[in-house]
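Input: a single structure, listed below in structure tokens.
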Amino acid sequence: MRNIKLTVAYDGTAYNGFQRQKNGIGIQQILEGRLAKLFGHELKMNGAGRTDTGVHAYGQVVNFKTSGTIPIERIAIGSRCLLPHDIVITEALEVDEEFHARFDATSKIYVYKIYPHVMANPFLRNYAWHIWRKLDTLAIQEATRIIVGTHDFSAFCAAGGKTMSPVRTIMAIDCQFAGDIFELSFFGTGFLYHMVRNLTGTLVEVGLGARSASDFKSILEGCDRKKAGITAPAHGLYFKEVRY
């Protein structure tokens, strides 16, 4: 059996997240169902991370075992006629039989995109969170420094996720404009359910002057989700990269 690692980019607008669903269509179901034709048997894939409904990815990683004989260099090309246009395999590799896309990941990068402008942009409605007021990006940057390091992120974890330790390590957060889009990049060893979206929602409140950096620090230390800000909408979030 070969162990295949795929890097996948997708527009999550039309899907109920990455993971296979009982009452909806996830990216995983599409990949497993369509690529089975390429490998000649049913596939069961492991994903590096879940993404919610409407969340996008530049670099989701999956792995699976196969007895299929298609050459590794033909997988991405062969998938083009099988996958919908909003899901693309960007890289295929044959890896060690013990490799696991989720359990072997050492860190991940998520990017959240915000469009701070008085007028909405219809072409960004599914790809960035529209904030109709100007943001104080320096205040946001000051607040992000507070969460770099290892902390209990209970205040930014949504109910409904798997029970796990709320302690996570954020190694870096980058804040910058890419044209008219303000991007927050979160680089960490792991993330809790809705953690990036909850952090972003609270950081935006800092940027709007509704909270201070001191308030943000108190929220983090208080470990109370009810004291934190709103959950930023899913469509501004991108799963950028997995590192091993």
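If I filter the stretch 104-119 for residues that are over 23 Å from ALA178 (Cα atoms), of a type outside the set (A, V, I, L, M) and not in a strand (DSSP E or B), do I get at least one hit?
Yes, the stretch 104-119 has at least one match.
Looking at the stretch 153-165, which of its residues are surrounded by 15 or more Cβ atoms within 10 Å (Cβ to Cβ) and not small (Gly, Ala, Ser)?
Correct list: PHE153, PHE156, CYS157.
Among (1) free of Cβ contacts under 8 Å to residues at least 40 places away in the same chain; (2) out of contact with any Ser or Thr (no Cβ under 9 Å at 6 or more places or on another chain); (3) among the charged types (D, E, K, R), which single condition is ASP136 missing?
(1)
Tell me which residues, restricted to the stretch 1-52, are modelled with pLDDT of 95 or more and among the acidic types (Asp, Glu).
ASP11, GLU32, GLU42 - these are the residues of the stretch 1-52 that are modelled with pLDDT of 95 or more and among the acidic types (Asp, Glu).
Using beta carbons and a limit of 9 Å, which pairs, at least six apart or on different chains, have the first residue in the stretch 65-78 and free of Cβ contacts under 8 Å to residues at least 60 places away in the same chain and among the polar types (S, T, N, Q) and the second one surrounded by fewer than 17 Cβ atoms within 10 Å (Cβ to Cβ) and part of a loop (DSSP other than H, G, I, E, B)?
THR69/GLY40
Collect the residues in the stretch 1-33 that are hydrophobic (A, V, I, L, M, F, W, C), in contact (Cβ under 8 Å) with a residue 12 or more places away in the chain and not in a strand (DSSP E or B), keeping them in residue-number order.
Across the stretch 1-33, the qualifying residues are MET1, ALA14, PHE18, ILE27, ILE30, LEU31.
Which condition does ILE70 not pass, out of (1) outside the structural domain of ALA9 (by TED's automatic domain parsing); (2) buried (at least 16 other Cβ atoms within 10 Å of the Cβ), if it passes all the others?
Of (1) outside the structural domain of ALA9 (by TED's automatic domain parsing); (2) buried (at least 16 other Cβ atoms within 10 Å of the Cβ), only one is false for ILE70: (1).
Among the strands (runs of 3 or more DSSP E) lying completely within the stretch 144-190, list those that include at least 1 residues that are within 18 Å of the chain's Cα centre (by Cα) and in the same structural domain as GLY201 (by TED's automatic domain parsing).
Ranges flagged: 167-178, 181-188.
The values are calculated or read from the model by the stated rules, or taken from the named source; none is laboratory data. Just so it is clear, the structure is predicted and the values come from calculations on it, not from any experiment. In this analysis, Cβ positions are derived from the backbone assuming ideal geometry, glycine residues included, and neighbour counts consider all displayed protein chains.
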